[in-house]
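The values are calculated or read from the model by the stated rules, or taken from the named source; none is laboratory data. Computed from a predicted structure; not experimentally measured. As a convention, Cβ positions derive from the backbone with ideal geometry for all residues, glycine included, and neighbour counts pool all protein chains shown.
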């Protein structure tokens, strides 16, 4: 895995906001205490990972107790900045439910949905599979179930590297998948899927899952 600089903080610096606005893209992931992160859920957001096209710098953001991250929210709210997430359904829900001031991601690119549409030759659409195919990197998932709620100062180097790895290769993956998506003439249906994510989250909040099944 290429050498990266991992920064830990309570909010991203002004310089990163300017850089992400210039490039109009940000790679994002998040960690929770559990998967019940809906509006009435019992779990909470613990960490947000973010980087730009230059993936040599990754920021691990653990918000304060009030979840106030004004600079991060500026980026996530900006309709000109495309937010790239792998399996956005839970991340988008948690980020929008917890971060302050109010946060709403409107320019979304979900690499898992994209993979399902573009890579019909495979049944493997997890981040590990995509990193292996497109970046030639094997992700170490041994610390995936860590206690992310502890203070960020207590994170081990392995935990920091794992968290950073979840966004480090997303730009490359997104770029290659997007080419395949357009080649297969599925970009329009992909964008309709992105528009549907908010509705899918609302259904999650209502406890409804397989609404289109027989």
Is it the case that some residue within the stretch 201-208 is within 28 Å of residue 39 (Cβ to Cβ), without any contact (Cβ under 8 Å) to a residue 40 or more places away in the chain, in contact with a helix residue (DSSP H, G or I) (Cβ under 8 Å, 6 or more places away or on another chain) and surrounded by fewer than 17 Cβ atoms within 10 Å (Cβ to Cβ)? no
Looking at 20, 35 in this structure, which one is modelled with pLDDT under 95 and either part of a helix (DSSP H, G or I) or in contact with a helix residue (DSSP H, G or I) (Cβ under 9 Å, 6 or more places away or on another chain) (or both)? 35
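Checking the conditions here, which among 55, 97 is touching a strand residue (DSSP E or B) at 6+ places or on another chain (Cβ under 8 Å), over 19 Å from residue 198 (Cβ atoms), surrounded by 16 or more Cβ atoms within 10 Å (Cβ to Cβ) and touching a residue at least 60 places away in the same chain (Cβ under 8 Å)?
Numbers: 97 fails: over 19 Å from residue 198 (Cβ atoms).
From the options 55, 97, the qualifying one is 55.
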Do you know which of the residues in the stretch 1-17 that are assigned to a loop (DSSP other than H, G, I, E, B) and at pLDDT 95 or above is farthest from residue 66 (Cα to Cα)? 13
Does residue 40 count as in a loop (DSSP other than H, G, I, E, B) and either out of contact with any strand residue (DSSP E or B) (no Cβ under 8 Å at 6 or more places or on another chain) or surrounded by 18 or more Cβ atoms within 10 Å (Cβ to Cβ) (or both)? yes
Starting from the stretch 60-75, take each residue that is free of Cβ contacts under 8 Å to residues at least 40 places away in the same chain and at positive phi and list its partners that are crowded, with 18+ Cβ neighbours inside 10 Å and assigned to a helix (DSSP H, G or I), counting only C-beta distances under 8 angstrom and pairs at least six apart or across chains. 67/98
Which condition from (1) in contact with a helix residue (DSSP H, G or I) (Cβ under 9 Å, 6 or more places away or on another chain); (2) not in a helix (DSSP H, G or I) is the one that residue 64 breaks? (1)
Residue 168 passes all but one of (1) in contact with a helix residue (DSSP H, G or I) (Cβ under 8 Å, 6 or more places away or on another chain); (2) within 27 Å of residue 81 (Cα to Cα); which number fails? (1)
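Residues are listed down the side, and each one gets a yes or a no for (1) in contact (Cβ under 8 Å) with a residue 60 or more places away in the chain; (2) over 25 Å from residue 53 (Cβ atoms):
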residue	(1), (2)
116	no, no
125	no, no
142	no, yes
152	yes, no
161	yes, no
169	yes, no
174	yes, no
